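The values are calculated or read from the model by the stated rules, or taken from the named source; none is laboratory data. It should be emphasised that the depicted structure is a prediction, and the values quoted were computed from it without experimental measurement. Don't worry about glycine lacking a Cβ; one is built from the backbone with ideal geometry, like all the others, and counts go over all protein chains shown. Each accessible area value is taken on the protein alone, full model and side chains, heavy atoms only, with ligands, DNA and RNA left out. Shrake-Rupley method; radii C 1.70, N 1.55, O 1.52, S 1.80 Å.
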Amino acid sequence: MPLHPDLDAFLALVEAGIQSGRQQPMHRKSVHQARTDYEAAAPMLDLPPDDLAERRALEIPTRDGARIGARLYAPAPLDAAAPQPVLLYFHGGGYCVGSLDSHDTLCSALAARTPCCVLAVDYRLAPEHRFPTAFEDAADAYDWLLQHGPALGLATNRLAVGGDSAGGTLAAALALRARQADRAPCLQVLLYPCTSAHQDGDSHRRFATGYLLEGETLQWMFGHALNGDHERQDWRFAPLQAADVSGAAPALVVIGDHDPLLDEGMAYAEKLRQAGVPVQLDIHPGMVHDFLRLGMVVAEADQARTAIAARLAAAMR
């Protein structure tokens, strides 16, 4: 399928900005500038967040004594006597950029439309905190939620994990870690996840430039996130490297057909299927990486969020 015309026009504007020197691709920026620009772009590219009964700021302790931020989205008032299902969510950004604010609309949409609570985690970023800190923060958040969720009014027996891009990697890795029957999530929601040790597939070559996520940007991100190339073989960074994925939670894998991560997303969906894991793979025609946060650019972004919420609702019954 061709690139969606609205995205085609948007990407042409991005390219014109780069050619004129008014803008730079992320991999030519400092990490500080990349973070600033990423945050500034989010409210301009996406729709306003959905209305919710409650948003609550939380702090989660980590294994090394730090405390990380989190935001709890609740479609109904929180009440321990009437617990609500919950999605534990991790934002994208290649482990280097992104925040609770950059993904506010996406998280609020999933909370309002499922409906379920969403606990979004502000895991620590690289290069200040390199691999495996993001995964360890995610694991600590999962364990904290199991222990403290019921008192907050969260039904941890109806718990899903999810994330987009690098956040999708964290969700996939958590689903592998939490395969014990009393800990396993009911669904893993993997939105254009990074799953491969190396970005050398056909879709990486076809969509290396001009499709929002640049190939050089991916390597810039991973260069900041990893301590060395040997860590690319670790399943916590590249779930496709896991020797055994059997017993993982059922998966929803969502990706655009103009995303450089297309091939590895499809490969991970197939790896799960071959291991007996139920998988729904939704490939969106004409869409690029990160399209779910482009509600002001393309209407399909908001429509896809509603479809994801419907799948979550079915898993959380």
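Summary of computed values
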{"quantity": "Residues located in the stretch 71-90, provided they are under 18 Å from Ala314 (Cα atoms) and either of a type in the set (Asp, Glu) or part of a loop (DSSP other than H, G, I, E, B) (or both)", "calculated": "Pro75, Pro83"}
{"quantity": "Residue in the stretch 15-25 that is outside any loop (DSSP other than H, G, I, E, B), in contact with a Gly (Cβ under 7 Å, 6 or more places away or on another chain) and surrounded by fewer than 19 Cβ atoms within 10 Å (Cβ to Cβ) present", "calculated": "yes"}
{"quantity": "Flag for Ala151 being closer than 22 Å to Asp290 by Cβ and modelled with pLDDT of 95 or more", "calculated": "no"}
{"quantity": "Condition broken by Ala109, with the remaining ones in (1) of a type in the set (A, V, I, L, M, F, W, C); (2) under 28 Å from Asp234 (Cβ atoms); (3) in contact with a helix residue (DSSP H, G or I) (Cβ under 6 Å, 6 or more places away or on another chain) satisfied", "calculated": "(2)"}
{"quantity": "Members of the stretch 286-304 that are more than 21 Å from Gln199 (Cβ to Cβ) and touching a Gly at 6+ places or on another chain (Cβ under 8 Å)", "calculated": "Gly286, Glu300, Ala301, Asp302"}
{"quantity": "Subset of the stretch 30-49 (residues that are in a loop (DSSP other than H, G, I, E, B) and aliphatic (A, V, I, L, M))", "calculated": "Leu47"}
{"quantity": "Condition met for Ala82 (of a type in the set (A, V, I, L, M), more than 21 Å from Asp290 (Cβ to Cβ) and open to solvent by 60 Å² or more (accessible area, probe 1.4 Å))", "calculated": "no"}
{"quantity": "Yes/no for Leu52 being touching a residue at least 60 places away in the same chain (Cβ under 8 Å), in contact with a Pro (Cβ under 6 Å, 6 or more places away or on another chain) and either assigned to a strand (DSSP E or B) or surrounded by 13 or more Cβ atoms within 10 Å (Cβ to Cβ) (or both)", "calculated": "yes"}
{"quantity": "Qualifying residue in the stretch 296-311 (condition: open to solvent by 10 Å² or more (accessible area, probe 1.4 Å), more than 22 Å from Val97 (Cα to Cα) and in a strand (DSSP E or B))", "calculated": "no"}
{"quantity": "Boolean, Val277 is open to solvent by less than 30 Å² (accessible area, probe 1.4 Å) and touching a Ser or Thr at 6+ places or on another chain (Cβ under 8 Å)", "calculated": "yes"}
{"quantity": "Residue list for the stretch 272-295, filter: part of a strand (DSSP E or B) and either polar (S, T, N, Q) or within 12 Å of Leu45 (Cβ to Cβ) (or both)", "calculated": "Gln280"}
{"quantity": "Boolean, Asp263 is in contact with a Phe, Trp or Tyr (Cβ under 6 Å, 6 or more places away or on another chain) and crowded, with 19+ Cβ neighbours inside 10 Å", "calculated": "no"}
{"quantity": "Residues satisfying the stated conditions in the stretch 197-249, i.e. closer than 15 Å to Gly168 by Cβ, open to solvent by 20 Å² or more (accessible area, probe 1.4 Å) and outside any loop (DSSP other than H, G, I, E, B)", "calculated": "Leu240"}
{"quantity": "Some residue of the stretch 141-163 being in contact with a His (Cβ under 8 Å, 6 or more places away or on another chain) and either among the aromatic types (Phe, Trp, Tyr) or more than 23 Å from Pro43 (Cα to Cα) (or both)", "calculated": "no"}
{"quantity": "Ile255 among the hydrophobic types (A, V, I, L, M, F, W, C), surrounded by fewer than 22 Cβ atoms within 10 Å (Cβ to Cβ) and assigned to a strand (DSSP E or B)", "calculated": "no"}
